[in-house]
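A.B. asks: Just passing along the structure, written as structure tokens.
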Amino acid sequence: MKFLTGQTDIKTEVLAGATTFLAMAYILFVHPEMLSNTGMDRDALIAVTCIAAAIGTILVGVLADTPIAMAPGMGLNSYFTYSVVLGEKVAWPTALGIVFISGLFFFLLTTVGIRKRLVEAIPNSLIFAIAVGIGMFITFMGLVDIGIIVKNDATLVSAGALTGPVLLGLSALLVMVILQNLKVRGSLIIGIVFATLLALLFGYVKPPAQFVTLDIDLSPIAFKLDILGALKGSLFGTIFAMMFIDMFDSIGTIIACSHKAGLVDRDGHIRRIDRLLGIDALATMIGAALGTSTTTSYIESGAGIEQGGRTGLTSIVTGVLFLLSLVFIPVIGMVPKFATGPALVMVGLFMMAEVVKIDFKKLDEAFPSFVIIVMIALSYSISRGLAFGFIAYVLLKTVSRKFSDIKPAMWIIALLSILFFVV
């Protein structure tokens, strides 16, 4: 690993891993709560979420030596719950079978190098736009978590009231900004701890009744997937839709985080991209077998990368913390959303810096980039934002007769994007 060569150090990597974990810790509660709407056992889901995140993230650290964490995807779990199970009336074991098949198909595509070609076909302007769009997306998520942005039936969203929790979240954000400006390592995690301690002091959160739990039971959902049921012809469209969302959610995250972590060579190719994509697919299959929706790369990895994480040690630390959370769930539950939200806002700020690399002088490059940025943030979906942008890019280049600018794989990406909307 790189920390052995002096490019970074163990202390920095451990701190980065802890920062990524805290930025992602909300999934331990939000994800099980969402999937429990399908009839799955909530306590088992909490345990499986910990294990699935730990396995995927540690595999990334060991096999790809990269500071990118994996866990059940938030957009994908909503599709699993509300579209597939509740919307299409598909039984949750069959839905898990769909997740497994999509992961298997992606693993095969990665093995023959097709997914890598798709990633490398995306032009630089769109790559930078992906980072900026995701930056805006997670900034919005962070502001919602703080409570400064709330739902409004008249205007869709509006500024929230300056309640106690909101003020604590904003104070944590201020601490992070000040410490980051002073080049203090660990600014994000310090801000999270600061807000949590204030929340305890003012009574917005309560100390846990117990700090450790050993009551862990996966049996209600583990190995209950129905693969044969998922192979019914009527579900092929659902399988494709899930594959598309997973593909471009993970590709968008890997591209954004890899550029931020300096994992790109002189030709703009992401190092170890095959391993990352292969692990992504393998983690999805393992997660489906254990009883959870699609596992994918997490954009919150950017929090650890901003704290100096550059190697697989960051991911290993994050994964180990997910394993430890199996017994320390009561303590983790004490950290409120308004304490972790500011970290997402800061990561969004850092990722927005890529906007200066987009060539806005060329409209056929600028407009698709603009579409990606806006649609990722406003549609609340990375995959939909990318699909709109990819189609716009190919369409404008075609109309401009700049066919040489469109790599062969980019035509495939555009076609997949159209099929995604059709399905």
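The values are calculated or read from the model by the stated rules, or taken from the named source; none is laboratory data. This structure is a prediction, so every number in the text was calculated from the model and none was measured. Neighbour counts run over all protein chains shown; Cβ positions are idealised from the backbone, glycine included.
A.B. asks: When region 360-392 is examined, which residues are found to be in a helix (DSSP H, G or I), under 17 Å from the mean Cα position of the chain (by Cα) and surrounded by fewer than 20 Cβ atoms within 10 Å (Cβ to Cβ)?
C.D. replies: 378
A.B. asks: Of all residues in region 261-281 being touching a Leu at 6+ places or on another chain (Cβ under 9 Å) and surrounded by fewer than 21 Cβ atoms within 10 Å (Cβ to Cβ), which is modelled with the highest pLDDT?
C.D. replies: 275
A.B. asks: Which count do you get for residues in region 53-88 that are within 26 Å of residue 237 (Cα to Cα), part of a helix (DSSP H, G or I) and small (Gly, Ala, Ser)?
C.D. replies: 3
A.B. asks: Residues to consider are 233, 203; find the one that is surrounded by fewer than 13 Cβ atoms within 10 Å (Cβ to Cβ), at positive phi and without any contact (Cβ under 8 Å) to a residue 60 or more places away in the chain.
C.D. replies: 203
A.B. asks: Among the helices (runs of 4 or more DSSP H) contained in region 173-283, which hold 2 or more residues that are over 26 Å from the mean Cα position of the chain (by Cα) and over 30 Å from residue 342 (Cβ atoms)?
C.D. replies: Because the criterion is at least 2 residues that are over 26 Å from the mean Cα position of the chain (by Cα) and over 30 Å from residue 342 (Cβ atoms), the helices (runs of 4 or more DSSP H) in region 173-283 that meet it are 227-230.
A.B. asks: Further question on the same structure: Quick test of your reading of the structure: residue 166 fulfils all but one of (1) surrounded by fewer than 13 Cβ atoms within 10 Å (Cβ to Cβ); (2) at pLDDT 85 or above. Name the failing condition by number.
C.D. replies: Going through (1) surrounded by fewer than 13 Cβ atoms within 10 Å (Cβ to Cβ); (2) at pLDDT 85 or above one by one, residue 166 breaks only (1).
A.B. asks: Which condition breaks for residue 90 when tested against (1) modelled with pLDDT under 95; (2) under 22 Å from the mean Cα position of the chain (by Cα); (3) crowded, with 22+ Cβ neighbours inside 10 Å; (4) among the β-branched types (Val, Ile, Thr)?
C.D. replies: It fails just one condition, (2).
A.B. asks: Further question on the same structure: When residues of region 93-114 are filtered for being assigned to a helix (DSSP H, G or I) and surrounded by fewer than 24 Cβ atoms within 10 Å (Cβ to Cβ), how many remain?
C.D. replies: Number satisfying all stated conditions: 12.
A.B. asks: Also, quick follow-up: Name the residue that is surrounded by the fewest Cβ atoms within 10 Å (Cβ to Cβ), counting only residues in region 318-337 that are assigned to a helix (DSSP H, G or I) and among the β-branched types (Val, Ile, Thr).
C.D. replies: Ranking the candidates gives 331 first.
A.B. asks: Check whether at least one residue in region 14-21 is modelled with pLDDT under 85 and farther than 17 Å from residue 295 by Cβ, and report yes or no. Talk me through it step by step, then tell me what you get.
C.D. replies: First pass over region 14-21, keeping only residues modelled with pLDDT under 85: none.
Within region 14-21, not a single residue is modelled with pLDDT under 85 and farther than 17 Å from residue 295 by Cβ.
A.B. asks: Another question, then. State all residues of region 288-309 that are farther than 18 Å from residue 141 by Cβ and of a type in the set (Gly, Ala, Ser); if no residue qualifies, say none.
C.D. replies: 288, 289, 291, 293, 308, 309
A.B. asks: Does residue 209 satisfy the criteria of being surrounded by 14 or more Cβ atoms within 10 Å (Cβ to Cβ) and touching a residue at least 60 places away in the same chain (Cβ under 8 Å)?
C.D. replies: Taking the combined requirement at face value, the residue does not satisfy it.
A.B. asks: Given the criteria in a helix (DSSP H, G or I), buried (at least 22 other Cβ atoms within 10 Å of the Cβ), at pLDDT below 90 and among the aromatic types (Phe, Trp, Tyr), does residue 140 qualify?
C.D. replies: No: the conditions fail for residue 140.
A.B. asks: State whether one or more residues within region 386-405 are on the phi > 0 side of the Ramachandran plot and among the charged types (D, E, K, R).
C.D. replies: Yes, region 386-405 contains a residue that is on the phi > 0 side of the Ramachandran plot and among the charged types (D, E, K, R).
A.B. asks: Here is a further query. Quick check on region 72-81. Is at least one of its residues aliphatic (A, V, I, L, M) and within 25 Å of residue 273 (Cα to Cα)?
C.D. replies: yes
A.B. asks: Among 315, 301, 258, which is surrounded by 23 or more Cβ atoms within 10 Å (Cβ to Cβ), over 30 Å from residue 85 (Cα atoms) and at pLDDT 90 or above?
C.D. replies: Working: 301 fails: over 30 Å from residue 85 (Cα atoms); 258 fails: at pLDDT 90 or above.
Of the residues listed, the single one that is surrounded by 23 or more Cβ atoms within 10 Å (Cβ to Cβ), over 30 Å from residue 85 (Cα atoms) and at pLDDT 90 or above is 315.
A.B. asks: Out of the residues in region 220-245 that are among the small types (Gly, Ala, Ser) and touching a helix residue (DSSP H, G or I) at 6+ places or on another chain (Cβ under 7 Å), state the one that is farthest from residue 284 (Cα to Cα).
C.D. replies: Out of the qualifying residues, it is 229.
A.B. asks: Which one is farthest from residue 311 (Cα to Cα) among residues in region 25-52 that are among the hydroxyl-bearing types (Ser, Thr, Tyr) and in a helix (DSSP H, G or I)?
C.D. replies: Among those that are among the hydroxyl-bearing types (Ser, Thr, Tyr) and in a helix (DSSP H, G or I), it is 38.
Table: residues versus (1) crowded, with 20+ Cβ neighbours inside 10 Å; (2) over 22 Å from the mean Cα position of the chain (by Cα); (3) modelled with pLDDT under 85.
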position: 120; (1), (2), (3): no, no, yes
position: 133; (1), (2), (3): yes, no, no
position: 144; (1), (2), (3): no, no, no
position: 162; (1), (2), (3): no, yes, no
